[in-house]
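One structure is given below, encoded as structure tokens.
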Amino acid sequence: MTAKPLSGPAAIAALPRNRLIGEFSLWSADLANMERDLKRIEAHADLHHIDVADARFTPGFLFFPDMVARIARLTVKPIHVHLMVEAEIVEAQTRQFIEAGADLVTIHAENGEAGLRAVKLAHELGAEAGVVLRLETPVSAIEPFLPDVAFVTLLGTSIGVKGQSLSDQACPRLIEARALMRKAGREADIILAADGGIRHETVPLLRAAGADTVVLGSLAFGDPDLAKRMAWLHGLKAAA
Ligand SMILES: O=C(CO)[C@@H](O)[C@H](O)COP(=O)(O)O
């Protein structure tokens with residue numbers, strides 16, 4: 001594997017902004033064949049998405065630092081860790097996953113003050129930071145984070161469960177988040193991500209509602225023709 005060209009904030013700043021970003025959720029890879037699947041997606045992915053869950057903030061456990069460190073040695077693409085953990089451990093986990101190789105860590109706004117401290121810590125450790133919301137949390141909860149983050153992610157399904165259908169609330173929530181980003185004067189600097197319920201029929205709706213990236217799970221890993229799938233994704237138009 002060649003050396004990673006960019007890391008941390010520089011890698012996130014270099015993501016394409018003139019088309020949908022291809023963000024691949026490694027939870028939806030064949031977990032027994034992670035290296036094979038990473039090789040298959042390497043030419044197509046702009047960003048890898050790794051879900052981390054503590055089985056308290058979420059129904060179950062997902063991914064851990066040693067696994068992220070191993071994945072980081074198999075790709076030159078940036079790594080986005082979505083940290084779904086309780087407030088009491090969010091700062092320690094931010095440190096552990098950045099040390100393992102995360103370029104961007106997104107923190108739940110529901111973590112409150114500890115979440116804001118975790119964003120500051122991520123920057124001190126040389127990584128980029130984002131904020132993410134559960135489907136039930138008012139979109140306004142992102143506001144205290146907007147001055148300091150480069151990513152806003154909105155879950156479009158219940159937290160920590162894959163294979164679900166997109167909520168009717170997902171598109172209106174993206175529109176609301178974009179309006180808040182604009183009001184904060186950060187619209188051009190922040191990438192807006194839709195995570196959960198990413199299907200052939202929902203991606204055009206999410207793009208039109210303002211998503212800059214969608215977190216691809218089974219839609220990408222289950223597609224035998226990834227080049228065609230990505231050409232379709234890159235051709236989808238944003239709202240005028
Ligand atoms: O976090 C999530 C879903 O909430 C994604 O990261 C999963 O990977 C989605 O998997 P699919 O439902 O698209 O198969």
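The set of residues from the range 186-202 being crowded, with 16+ Cβ neighbours inside 10 Å and within 11 Å of the ligand (Cβ to nearest atom) comprises Ala193, Ala194, Asp195, Gly196, Gly197, Ile198, Thr202.
Residue by residue, here is whether (1) assigned to a loop (DSSP other than H, G, I, E, B); (2) within 16 Å of the ligand (Cβ to nearest atom) holds:
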position	(1), (2)
Ala10	no, no
Arg17	yes, no
Asp37	no, yes
His44	yes, yes
Phe57	yes, yes
Leu74	yes, no
Glu91	no, no
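Residues in the range 217-226 that are near the ligand (Cβ under 7 Å from one of its atoms) and surrounded by 15 or more Cβ atoms within 10 Å (Cβ to Cβ): Gly217, Leu219.
Every residue, every condition in (1) farther than 29 Å from Gly222 by Cβ; (2) at pLDDT below 95; (3) over 15 Å from the mean Cα position of the chain (by Cα), yes or no:
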| site | (1), (2), (3) |
| --- | --- |
| Leu62 | no, no, no |
| His80 | no, no, no |
| Thr94 | yes, no, no |
| Arg117 | yes, no, yes |
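Of the residues in the range 145-155, at least one is closer than 20 Å to Ala14 by Cα, over 17 Å from the mean Cα position of the chain (by Cα), surrounded by fewer than 24 Cβ atoms within 10 Å (Cβ to Cβ) and not aromatic (Phe, Trp, Tyr).
Checked against the criterion of being closer than 30 Å to His123 by Cα, in contact (Cβ under 8 Å) with a residue 60 or more places away in the chain and of a type in the set (D, E, K, R), the range 212-235 has at least one qualifying residue.
Quick one: in the range 148-165, which of the residues that are without any contact (Cβ under 8 Å) to a residue 40 or more places away in the chain and of a type outside the set (Gly, Ala, Ser) is nearest to the ligand (Cβ to nearest atom)? Checked the range 148-165; the qualifying residue nearest to the ligand (Cβ to nearest atom) is Gln164. Quick check on Leu206: is it under 16 Å from Leu155 (Cα atoms), touching a Gly at 6+ places or on another chain (Cβ under 9 Å) and away from the ligand (no atom under 12 Å from the Cβ)? It is true that Leu206 is under 16 Å from Leu155 (Cα atoms), touching a Gly at 6+ places or on another chain (Cβ under 9 Å) and away from the ligand (no atom under 12 Å from the Cβ).
The values are calculated or read from the model by the stated rules, or taken from the named source; none is laboratory data. Computed from a predicted structure; not experimentally measured. Glycine also receives a Cβ, built like all others from the backbone with ideal geometry; neighbour counts cover every protein chain displayed.
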